[in-house]
Structures are given as C-alpha cells and as structure tokens.
Amino acid sequence: MKRNGKSAAFLAVSAAGVGIFFVYALLYCIGIAVKDGVTEPRHWAELLGSAAFQTAFGNTCVWMLVFALSVILLALGIVYLLDDTPGTLYLLTVLSVAVVIPSVSVTSVFSGFPQVVEEHPRLVLFVLYLWKYTGICALILKAAASGIDPQLAEAAAMEGASKFTFFRRIYFFQLLPHVKFLFVFNIIGFFRLYRESYLLFGAYPPQPVYFIQNYLYNNFSNLNFQKISTVSVLMMAALAAVNVAVMKLGDRHEAV
C-alpha cells in the first residue's frame with residue numbers, strides 16, 4: 001500500500017506538471033488565437049497578408065519537407081547499400097553521435113567559411129542538417145532492416161528482380177512503418193535547426209532561410225503574444241495535416 005501511495009504521488013506530480021505547463025498552455029494559446037480571430041478578424045487578415053509571415057511560412061513548409069525527405073532517402077540508400085556486418089553497425093553508431101554534438105561546436109566549423117555562409121545560407125543549413133540527422137536515421141533503419149526475412153531477397157532474385165526493383169517493391173515497404181516515424185522525427189529536427197541558424201545568422205537571417213521559428217522569436221522579443229498564438233495554431237494545423245497525410249498514405253501502401 002505504501003509503495004502504491006508513493007507511485008501515485010509521483011504520477012500526480014508528473015500529471016500536474018504536464019497539465020499546467022503543456023495542456024493548459026496549449027489550450028490558452030489556442031483560446032487567444034480563436035478569440036483574436038473572432039473579435040478582431042482584421043488581425044488575422046493583417047497576419048496572413050504580412051510579407052514576413054508569408055516568407056517564413058512558405059520557407060518552413062517547403063524546406064521542412066525537402067530536408068526531412070532528403071535525410072530519409074539518404075539514410076535508406078546507406079542502409080540498403082551497406083553490408084550486414086558488425087563493422088557497419090559500429091560505423092552508423094559513430095555517425096549517429098552527430099545529433100548530440102552541441103550546436104556551438106557545429107556552427108564554429110561553418111563559421112570558419114564566412115563567404116560560403118553568407119552566399120549560400122540555405123545550402124549551409126541543408127548540409128548541416130544532413131550531417132546531424134542522417135546517421136541516427138540510418139542506424140534506426142538498419143536495426144529495423146535486420147528483421148526483414150532474408151528469404152524475400154532470395155525469392156526476388158530467383159524471380160529475376162533487380163536490386164533496385166527489390167528495394168522499390170519490397171525493401172522499402174518492409175521499412176515503411178519506421179520511415180513514417182522518422183518523418184515525424186525529422187520534422188522535429190527541422191524546428192530544432194533554429195539553434196544553428198541563430199548562431200550563424202542571428203535573429204534576422206537572410207530571406208532564403210527565414211523560417212517560422214525566426215518569425216516567432218522576433219515577435220516574442222516584441223511581446224506580441226497574439227501573433228505568436230495565432231501563428232502557433234496555424235503551424236500546429238499545418239503540421240497535423242502533413243502528419244495525417246503521411247500516415248494515411250503509408251497505411252494505404254502497407255495495405256496493398
């Protein structure tokens with residue numbers, strides 16, 4: 001009984017923390033955005049017509065998908081081409097360490113090439129993103145690929161299927177549940193890329209890499225909580241729509 005009481009107390013504290021700092025904050029943010037849209041619809045019109053918001057929202061939606069899909073495709077190619085040996089697993093484990101290296105250390109390397117950073121900001125962030133997340137994605141996919149029945153490859157080879165056909169028709173769909181998870185994981189990673197972007201370009205980066213994170217931070221500095229709440233709700237709706245579309249598309253292909 002005492003042990004159950006202690007467990008319940010710890011769970012109650014955790015539930016209270018989540019309720020206050022996440023659920024309540026989220027509902028409060030949604031309430032502000034909805035109330036502002038109903039009582040002051042011109043604020044929504046001004047926000048949607050703002051050039052800064054349109055640039056940030058457009059860049060985020062487009063390049064979030066490009067970055068996430070590029071990492072997944074590169075990780076899939078690495079996993080498929082590398083042999084199933086202990087050395088491969090060790091190599092991927094070493095590569096996955098990049099995701100936990102401090103942002104300051106990472107950006108200090110790129111800061112040594114100021115001309116490249118200034119002239120090609122989008123390429124710099126793209127390379128940095130690939131370097132940070134390809135290793136961990138490849139490691140996860142390699143662990144998942146170890147569960148694929150090797151007889152599938154043998155049967156495909158006996159039927160005359162090429163390696164590319166086997167990858168496209170069988171291998172990819174065997175890993176599809178993990179690919180869907182990695183898509184969500186990489187979207188989160190894209191938003192965490194703001195730290196590196198801020199260290200390289202400051203609060204007001206060049207237009208090609210001006211993302212919604214920069215827009216939110218700048219409005220937070222100006223204490224414009226209504227805009228922050230409204231933009232947050234719009235981004236939540238957009239991310240929810242993208243994730244639902246990916247899950248539905250994956251479920252449809254898994255059912256085939």
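The values are calculated or read from the model by the stated rules, or taken from the named source; none is laboratory data. Since this is a predicted model, take the numbers as computed values, not measurements. Because the Cβ atoms are built from the backbone with ideal geometry, glycine has one as well, and the counts that use them run over all protein chains shown. Please note that ligands, DNA and RNA were not included when accessible areas were found on the heavy atoms of the full protein model with its side chains. Shrake-Rupley method; radii C 1.70, N 1.55, O 1.52, S 1.80 Å.
One table, with the values for the structure above:
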{"item": "Filter result (free of Cβ contacts under 8 Å to residues at least 40 places away in the same chain and of a type in the set (Gly, Ala, Ser)) within region 77-125", "result": "GLY77, GLY87, ALA98, SER105, SER108, GLY112"}
{"item": "Among the residues listed as LEU200, LEU216, the single one being open to solvent by 20 Å² or more (accessible area, probe 1.4 Å), within 21 Å of the chain's Cα centre (by Cα) and touching a residue at least 60 places away in the same chain (Cβ under 8 Å)", "result": "LEU200"}
{"item": "Residue check, PRO102 at pLDDT 85 or above and farther than 25 Å from ALA245 by Cα", "result": "yes"}
{"item": "Pair list, Cβ < 9 Å and 6+ apart or interchain, from region 158-182 residues that are modelled with pLDDT of 80 or more to residues that are of a type in the set (Ser, Thr, Tyr) and surrounded by fewer than 16 Cβ atoms within 10 Å (Cβ to Cβ)", "result": "none"}
{"item": "Subset of region 87-111 [within 23 Å of LYS142 (Cβ to Cβ), open to solvent by less than 90 Å² (accessible area, probe 1.4 Å) and in a helix (DSSP H, G or I)]", "result": "GLY87, THR88, LEU89, LEU91, LEU92, THR93, LEU95, SER96, VAL97, ALA98, VAL99"}
